[in-house]
Amino acid sequence: MADIMTPALGESVTEATVARWTKKAGEAVRKDEILVELETDKVSLEVAAPSDGVLSEILAGEGDTVEPGTVLGKLSEGAAAAPARSEPKAEAPKAEAPKPTEAPKPAPAPAAEARPAAPSAQRVAAENNLDLSKVAGSGKDGRVTKGDALAALEARASAPAAAPAPAAPRELHEREERVRMTRLRQTIARRLKEAQNSAAMLTTFNEVDMSAVMALRSEYKDVFEKRHGVRLGFMSFFVKACIAALKQVPDVNAEIEGQDIIYKNHYDIGVAVGTEKGLVVPVVRDADQLSLAGVEKAIGDLGKKARDGQLALEDLQGGTFTISNGGVYGSLMSTPILNAPQSGILGMHKIQERPMVVKGQVVVRPMMYLALSYDHRVVDGQGAVTFLVKVKEAIEDPQRLLLDL
């Protein structure tokens, strides 16, 4: 017999919730087959079978809170499956033989409210969805006859349509559904509210003409993908533009700890990713040292891990600045909430063609609103506006990124 244990959950994570068992007690399992999924405050974890055998017992049910080292269940190693335990068959009740000193017990009388019906009446009822329990029987001992069933059908057909009944509690219940928040959703809610409560949060806006980046991407996207094995998207340009702006406005790359301001001399950029279970922010490490292709590959790998529920704790920790792209969902403008303890987050939005005045001429340009939410305790208004202007300049003239301007 082997114990199925809760694994180590990572730094600062002390408990998890049992989300789902993939096997039932009595089912055969193979070594390394996933048995149970756990949810922590930050990621989902999968616990695999330590060996071949049968899941003999489940000790922590779905929804239970467990700690590292808690026994989740028992595995009978090397045993064959026991169908009788996983699919219990109902056995016919056995008649108890009377004891020699006792007389046989008489069979219980049928319930008084049960009205016997003739087979022909039962057939009529089955074909016409008729409830015989509401039909008065005229036969012997109250037996419902075929004539009684036919008379009930005739009476039902001639009865006036009943007025619609008021909404029943069952119908009200169908209008609502109460679902317990997942541990990840609870953590998201708590952290977002903590960010609002602790930071002096403010948002400033600007807009950027995407023409240059879109033209550059259109010209080189095929050869870029062929050369690097990854598609050229907009996010890598914004990551590089933000890093250039962070270097000029270091306050946005800082955080408050107690009475100190910690200025970060590295650029670990969090990229918000929406998943079925909620929003997560995996981190692209040392993004300033990566090429555009390197950034795209890192974002692609982290996005896939997020959607597959394979993110590790180290993928989510230590970011210095965050970028959130609501434009993929059609958002035209928003005020993103800080990813504490960071002091800044950039919100990207939908690219929308708008009439713009360029050198005295009205032209149509693909425009995007940018929003920078920042902690006013660290970042002054001038710094926030300067940051957005630097991002705007880099996107509208991508050559500036190559020349480090």
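The values are calculated or read from the model by the stated rules, or taken from the named source; none is laboratory data. In this text the structure is predicted, and so the values were computed from the model without any measurement. Here the Cβ is made from the backbone with ideal geometry for all residues, glycine too, and neighbour counts use every protein chain on show.
Condition first: under 30 Å from L279 (Cβ atoms), surrounded by 18 or more Cβ atoms within 10 Å (Cβ to Cβ) and among the hydrophobic types (A, V, I, L, M, F, W, C). Now tell me which residues in region 1-57 satisfy that.
Correct list: L9, A16, V18, A19, W21, L35, V36, L38, V43, L45, V47.
Report yes if V47 is under 20 Å from V179 (Cβ atoms), among the aliphatic types (A, V, I, L, M) and not assigned by TED's automatic domain parsing to the domain that holds K304, otherwise no.
Considered against the rule, which asks whether it is under 20 Å from V179 (Cβ atoms), among the aliphatic types (A, V, I, L, M) and not assigned by TED's automatic domain parsing to the domain that holds K304, V47 comes out as no.
Wholly within region 169-250, which helices (runs of 4 or more DSSP H) include no fewer than the required count, namely at least 3 residues that are under 30 Å from G63 (Cβ atoms)?
Answer list for region 169-250: 169-174, 183-198.
Sort through V391, V364, V328 and tell me the only one that's of a type in the set (V, I, T) and more than 19 Å from F238 (Cβ to Cβ).
Among V391, V364, V328, only V364 is of a type in the set (V, I, T) and more than 19 Å from F238 (Cβ to Cβ).
Listed here are the residues, each with its yes/no results for (1) more than 15 Å from M368 (Cα to Cα); (2) touching a helix residue (DSSP H, G or I) at 6+ places or on another chain (Cβ under 6 Å); (3) at pLDDT below 95.
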site: N206; (1), (2), (3): no, yes, no
site: D209; (1), (2), (3): no, yes, no
site: L216; (1), (2), (3): yes, no, yes
site: E219; (1), (2), (3): yes, no, yes
site: D222; (1), (2), (3): yes, no, yes
site: E225; (1), (2), (3): yes, no, yes
site: R231; (1), (2), (3): yes, yes, yes
site: F234; (1), (2), (3): no, no, yes
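Within region 335-385, how many residues are assigned to a strand (DSSP E or B), within 30 Å of R190 (Cβ to Cβ) and among the acidic types (D, E)?
Selection size over region 335-385: 1.
In the set G309, G327, which member is closer than 30 Å to R20 by Cβ and either part of a strand (DSSP E or B) or modelled with pLDDT under 95 (or both)?
Being closer than 30 Å to R20 by Cβ and either part of a strand (DSSP E or B) or modelled with pLDDT under 95 (or both) holds for just one of G309, G327, which is G309.
Identify, by number, the condition in (1) in contact with a Phe, Trp or Tyr (Cβ under 6 Å, 6 or more places away or on another chain); (2) closer than 23 Å to A244 by Cβ that G347 doesn't meet.
The number of the failed condition is (1).
Could you count how many residues in region 260-287 are loosely packed, with under 15 Cβ neighbours inside 10 Å and within 22 Å of F237 (Cα to Cα)?
Summing the residues that are loosely packed, with under 15 Cβ neighbours inside 10 Å and within 22 Å of F237 (Cα to Cα) in region 260-287 gives 3.
What is the residue count in region 363-405 for residues that are in contact (Cβ under 8 Å) with a residue 24 or more places away in the chain and polar (S, T, N, Q)?
So the count comes out to 2.
Go through G258, G278 for me and flag whichever is at pLDDT below 90, small (G, A, S) and closer than 17 Å to S324 by Cβ.
G278
Inspect region 243-258 for any residue being polar (S, T, N, Q), on the phi < 0 side of the Ramachandran plot and touching an Asp or Glu at 6+ places or on another chain (Cβ under 9 Å) and give the result as yes or no.
No - not one qualifying residue is present in region 243-258.
Within the set of pairs 6 or more residues apart or between chains, which connect a residue that is assigned by TED's automatic domain parsing to the domain that holds E396 and surrounded by fewer than 18 Cβ atoms within 10 Å (Cβ to Cβ) inside region 234-257 to a residue that is assigned to a strand (DSSP E or B) and aromatic (F, W, Y) with Cβ atoms less than 7 Å apart?
P250/Y263
Exactly one of (1) part of a loop (DSSP other than H, G, I, E, B); (2) modelled with pLDDT under 85 is unmet by K23. Its number?
Single failed check for K23: (2).
I'm trying to understand the selection: among the residues of region 297-340, which are among the hydroxyl-bearing types (S, T, Y) and loosely packed, with under 15 Cβ neighbours inside 10 Å?
If the condition is that a residue be among the hydroxyl-bearing types (S, T, Y) and loosely packed, with under 15 Cβ neighbours inside 10 Å, then Y329, T335 are the ones that fit.
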